[in-house]
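The values are calculated or read from the model by the stated rules, or taken from the named source; none is laboratory data. Predicted model only: the values in this text are computed from it and were never measured. Methodologically, a virtual Cβ is constructed for each residue, glycine included, from the backbone with ideal geometry; neighbour enumeration extends over all protein chains shown. Remember, those area values only see protein heavy atoms, side chains included, never the ligands or the DNA or RNA. Shrake-Rupley method; radii C 1.70, N 1.55, O 1.52, S 1.80 Å.
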Amino acid sequence: MTQQIIFTALLLAGLGLFTWLSYRRLVLINLGRSENRFDRPAARLLAMMVDAIGQRRVVQRPFGFNHLVIFWSFLVLALANGEFLVQGVLPDFSLGLLLPATFHHGLLLAFDLVSLLTLGAVAVAAGRRVIIRPAELDSAYVSGRSAEAFAILGAICLLMLAFFGLQGSEIALGRTNGAWQPVSSVVAGVLSTFPRSSFLEPFALSCWWLHAVTLLAFLCFLPASKHLHVLTAIPNVFFRRLERANTQPREEFAPGNGYGVATVSDFSWKDLLDSFSCTECGRCQDACPARSTGKPLNPRQVIHAIKTNLLLNADALKAALPVKIPLIGEDGEATISDEALWACTTCGACLTHCPVCIEQMPKIISLRRHLVQMESRFPEELLSLFENMENRANPWGIAPGERTKWCTSLEPRPFKTGETEYLFFVGCAGAFDSRNKQVTMALAKVLDRAGVSWGILGRDEKCCGDSVRRLGNEFVFDRLATDNTQMLRERGITKVITQCPHCFNVLKNDYRQYGLELVVVHHSELLQELLASGRLILDQKVADLGSTVFHDSCYLGRHNDVYDAPRQVIAGATGTAPAELARNRQNAFCCGAGGGRMWLEEHSGSRINLDRVNEALTNDPDTICVSCPYCLTMFEDGLKDTGSSKTKVKDLAEIVATGLTVGRI
């Protein structure tokens with residue numbers, strides 16, 4: 001009876017402390033802005049079952065299977081620990097009283113085997129930290145070999161050892177039938193050699209209390225540690241963004257409004273939940289092209305800084321007072337530096353690799369919005385870009401009349417409402433950049449050969465606004481998007497062809513926020529369809545490219561899930577599928593030009609495009625195939641810097657056009 005009273009008091013105290021600590025975190029999350037993440041509950045539940053319960057993203061890397069064992073062991077052993085806690089108050093309680101004998105025996109077997117698996121998984125996890133020591137486990141302010149990490153692993157180990165000690169003792173004492181507990185029965189065989197009264201009974205009692213104290217201590221420690229993700233990860237996946245993060249929310253421009261994120265309370269509650277859900281696994285850090293090339297940006301540290309800043313400024317935020325520690329400032333554990341924010345290429349690799357669906361990149365854009373629109377604080381190189389986009393609606397500030405110079409050798413091809421099927425949205429690079437004009441001309445010739453009805457806007461075409469939006473200048477983007485969507489509506493345009501994945505993404509996804517629904521096809525998709533349907537028949541196989549390798553564009557692939565079409569186009573034109581880079585498809589490495597980085601120099605670390613070019617050159621290709629104007633520019637610049645004159649870069653449209661006899665086009 002004394003044991004029951006003491007345990008009941010400890011249990012109530014432990015549950016009270018756990019509830020209080022959890023409530024304190026929940027209050028902090030509630031400081032964020034409101035955001036509707038309760039829509040489409042069935043889709044959210046499915047996503048949670050696949051990615052959280054099923055651990056789909058976790059097992060995409062080999063060590064993830066070890067985490068899968070620990071995670072599922074916790075789910076199974078939650079029943080065993082629940083039974084243990086109830087028995088501490090009501091000793092006669094047993095799951096066997098509630099369940100059929102067959103099912104209960106199965107549970108006993110599962111508890112026994114799963115506990116052994118957990119011990120093995122904990123040993124592997126500890127060995128990984130001590131012996132293998134993967135770099136992604138560490139960041140500037142978090143170590144994979146911290147005392148906390150080993151304390152958690154040690155607590156799990158103690159729980160399993162106490163379980164086997166207790167169950168083995170009970171079997172050896174004859175209080176439990178060990179027929180369904182093979183591992184505990186082995187332990188019982190060893191323990192049965194010891195005296196009953198002087199060892200077994202005290203040992204059983206010691207194991208019981210060890211299990212009880214460790215379990216309650218573990219429960220209370222969770223809300224106060226980074227392992228809070230044990231409680232928040234599953235809800236975080238449920239509240240994930242159901243669509244790809246290929247667009248950002250609109251802002252309402254009105255006097256007195258603030259724009260972007262200046263303090264952690266400017267984030268939404270889901271953003272703050274993200275910060276408490278990070279497992280510190282380092283996968284985003286490992287995948288980030290900025291981090292990989294020595295830039296100060298680390299998406300893992302961005303999330304860690306948000307959490308740390310929230311915790312340190314909690315009292316001020318709850319009292320609606322000015323915060324003491326800024327979120328954007330000199331690099332620190334609770335702050336994010338300007339240089340880190342401007343290093344992001346918005347490639348989306350962090351989003352793809354995060355096992356708990358944290359949204360790192362959108363937070364960076366929100367912080368950029370504040371710097372640009374509230375403080376006019378941005379790299380000097382962007383000043384001319386912003387001015388050119390605002391005054392001339394293109395990055396170079398070239399006169400609008402120059403947009404049609406690429407097609408001077410073709411007959412005028414204006415889009416005619418009611419007559420033309422497709423608008424060919426040429427894009428700024430395709431209209432103004434001398435190298436990319438060749439791609440535009442090649443695509444135009446291919447479209448003509450296939451009999452596609454197409455036209456252009458000519459001087460009336462404006463930049464889609466991709467770069468300024470990703471750089472945080474939402475005001476200029478809003479003006480461009482408003483003008484463009486109004487013009488597209490007035491001209492009755494419903495179908496659009498683009499050769500630039502960034503234009504493709506903006507027209508397809510961003511402009512929906514302005515009420516414009518278009519059928520937007522990237523030229524890789526259209527070329528694949530034309531070749532597959534027989535509408536486009538090449539006069540000859542393209543044989544002069546030599547060995548080919550294909551690079552995935554981030555905004556075509558990760559952001560819009562177009563992976564197969566460009567590969568099928570290359571295979572259809574050359575008769576041979578292109579070779580794959582080591583990092584391809586969802587794991588592809590950025591060229592370095594996205595997120596407005598096309599217009600910025602890299603002042604720290606190595607150049608991202610050189611990293612990707614060197615990776616491509618390991619295949620010793622004759623031709624690197626791309627499907628994006630930015631990628632084309634970055635690869636050609638990288639090849640010049642490496643002195644690799646043997647290798648050339650070709651866009652898909654150029655490859656297909658090579659298969660057409662010039663006189664017949």
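Results, tabulated for the structure shown:
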quantity	calculated
The range 413-451 versus the range 469-485: alpha-carbon centroid distance in Å	23
Computed [θ] at 222 nm, deg cm²/dmol, the chain (DSSP H ≥ 4; -39,500 (n - 2.57); rounded to nearest 500)	-16000 deg cm²/dmol
Among 521-529, 398-406, the order from most to least packed when residues are scored by Cβ within 10 Å on average	521-529, 398-406
Binned Cα-Cα distance frequencies in the range 196-261 - 5 Å width, integer %	4, 11, 10, 10, 10, 10, 10, 8, 6, 5, 4, 3, 3, 3, 2, 1, 0
Of K295/K437; K462/K646; K416/K508; K226/K295, pairs whose Cα-Cα distance is over 30 Å	K295/K437; K462/K646
DSSP-defined antiparallel bridges as percent of all bridges, the chain, nearest 5	5
Reference-scaled alpha-carbon Rg (2.2 N^0.38 Å with N residues) for the range 1-125	1.38
Convex hull volume per residue in cubic angstrom - Cα atoms of the range 92-172	136
Hydrodynamic radius by Kirkwood, which averages 1/r over all alpha carbon pairs of the range 376-435, in angstrom	13.6
All lysines inside 20 Å of K318 as judged from Cα atoms, apart from same-chain residues fewer than 8 positions distant	K270, K307
Principal axis dimensions, largest first and in whole angstrom, of the range 288-426 by Cα	67, 34, 34
Per-peptide average of other Cβ atoms within 10 Å, ordering 367-373, 20-26 highest first	367-373, 20-26
Gyration tensor verdict on the range 231-370 (Cα atoms; rounded if a/c is under 1.5, prolate if a/b is larger than b/c, oblate otherwise)	rounded
Total charge dipole magnitude, the range 1-88, about the Cα centre, Cβ charges on Lys, Arg, Asp, Glu only, Debye to nearest 20	400
Shape box of the range 254-302 [Cα atoms, principal axes, largest first, Å]	41, 24, 12
Å² of accessible area per residue within the chain, as computed with a 1.4 Å probe and no ligands counted	42
Test item: Cα-centred dipole of the chain, Lys/Arg +1 and Asp/Glu -1 on Cβ, debye	540
Where Rh is the Kirkwood radius over Cα pairs, Rg/Rh for the chain	1.07
As computed over the range 170-212, the Cα convex hull volume per residue (Å³)	70
Helix 299-312 axis, angle to the chain major axis (alpha carbon atoms, nearest 10°)	60
Percent of Cα pairs exceeding the 20 Å cut-off, where the set is the range 514-651	48
Semi-axis lengths (Å, descending) of the ellipsoid that matches the C-alpha gyration tensor of the range 331-385	23, 13, 10
Relative contact order [Cα under 8 Å, 6+ residues apart], the range 333-492, whole percent	25
Debye log10 I(q)/I(0) at q = 0.21 Å⁻¹ for the range 512-569, Cα point scatterers	-0.97
Kirkwood Rh and Cα Rg combined as Rg over Rh, evaluated for the range 362-485	1.05
Apportionment of accessible area to carbon and sulfur, the chain, percent (1.4 Å)	59
Candidate aspartates and glutamates for bridging to K648, where Cα separation is under 16 Å - those fewer than 8 sequence places away on the same chain excluded	D544, E615, D620, D622, E636, D637
Equivalent ellipsoid, the range 1-58 (semi-axes from 5 times Cα gyration tensor eigenvalues, Å)	35, 20, 10
Magnitude of the charge dipole, the range 533-613, Cβ model with Lys/Arg +1 and Asp/Glu -1, debye to 20	120
Burial ranking of peptide ranges 90-101, 40-51 (average Cβ count within 10 Å, highest at the top)	40-51, 90-101
Mean Cα-pair separation over length for the range 1-106, i.e. relative contact order, pairs under 8 Å, 6 or more apart, %	31
Degrees between helix 564-574 axis and first principal axis of the chain (Cα, 0 to 90, nearest 10)	50
Convex hull volume per residue in cubic angstrom - Cα atoms of the range 550-607	100
Percent RCO, i.e. relative contact order, over the chain, from Cα pairs under 8 Å lying at least 6 residues apart	12
Farthest positive-ward along the range 128-172 dipole, Cα basis, beta-carbon charges - from Q167, F150, I131	I131
